[in-house]
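Single-structure report; data block below.
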Amino acid sequence: MSINRATRNLVRSRASFLCEYCHSAEESSSTLFTIDHILPRSIGGSDELENLALACHRCNNNRYNFVTGTDPKTEQEVTLFNPRQQQWFDHFIWSADGLEIMGITPTGRATCDRLDLNDRYHNERAIIRARRLWIRAGWHPPSNDPRLKE
C-alpha cells in the first residue's frame, strides 16, 4: 500500500522538512525526501503515522530494513534512533565546525555508524562536501541543533 499525499505532507511538516536522521534540509535536495518506515514493512511495520519518518535518500538507503546497529564504543547491539520516541538532541551533536554528526549515546553512535551519517564508508564523504556548502550559505546546521563547544 502506498502512502497518500496528505500523509506524506503531514510527515514532512511534522519533521520541519528535515531528514529525521541526519537533519539535512529537504530544501537543499533536488528531490523530495522519502517516507521511511521506522519499523520496516518487511518485518511487520505499518503505514501508521507513528511508524513514519521523513528521511533523505542517503539515510533511507543506508538504513534499509535495519532496526539495530552496533555501538562502536561498547560493541553492543542497540536499537537505532527512533524519531517518534526519542529526541534527536538527546543522542546527537554536531562537531564544532558543523560538518559531522557525533553520536553521544550508544543509540546515537550505532545510528551514526549504521546509517553512515558522515559518509565514512560510502560516497567518498560527499555529505561533508555538501554540508560545507550549506554552512557557507547559512543553511546548516539547523538552528536548534546543539553543537560541540570549541
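The values are calculated or read from the model by the stated rules, or taken from the named source; none is laboratory data. Since this is a predicted model, take the numbers as computed values, not measurements. Cβ: placed from backbone, ideal geometry, glycine included. Neighbour counts: every protein chain shown. Protein only, heavy atoms only, side chains kept; ligands, DNA and RNA dropped before computing areas. Shrake-Rupley method; radii C 1.70, N 1.55, O 1.52, S 1.80 Å.
Quick one: grab the alpha carbon gyration tensor of segment 27-81, order the square roots of its eigenvalues as a ≥ b ≥ c, and give me rounded if a/c is under 1.5, else prolate or oblate depending on whether a/b is larger than b/c. Cα axes put segment 27-81 in the oblate bin.
Look at the Cα gyration tensor of segment 50-119: its axes a ≥ b ≥ c give a/c under 1.5, and that counts as rounded.
Applying 1/(1 + (r/R0)^6) with R0 = 22 Å to the Cβ-Cβ distance of residue 32 and residue 104 gives a FRET efficiency near 0.15. Is the shape of the chain best called rounded, prolate or oblate, per the rule: a/c under 1.5 gives rounded, else a/b larger than b/c gives prolate, else oblate, with a ≥ b ≥ c the square roots of the Cα gyration tensor eigenvalues? Oblate, because a/c is 1.5 or more while a/b does not exceed b/c. Relative to the Cα centre, the charge distribution of the chain, modelled as +1 at Lys and Arg Cβ and -1 at Asp and Glu Cβ, gives a dipole magnitude of about 360 debye. For segment 49-104, the set of GluC sites (Glu not before Pro) satisfying both a DSSP loop assignment and a count of at most 15 other C-beta atoms within 10 Å is given as 75. Extending 7 Å from the Cα toward the beta-carbon at both residue 42 and residue 13 defines two label points whose distance is 3.2 nm. Exposure check, 1.4 Å probe, all protein chains in place: residue 84 carries approximately 50 Å² of accessible surface. The gain in end-to-end length when the residue 70 to residue 84 segment is fully stretched comes to 3.0 nm, 0.36 nm per residue minus the alpha carbon separation.
Computed per residue of the chain from DSSP H runs no shorter than four, each worth -39500 (n - 2.57), the mean residue ellipticity at 222 nm is -7500 deg cm²/dmol. Going by accessible surface with a 1.4 Å probe and the largest first, 139, 94, 134 read 139, 134, 94.
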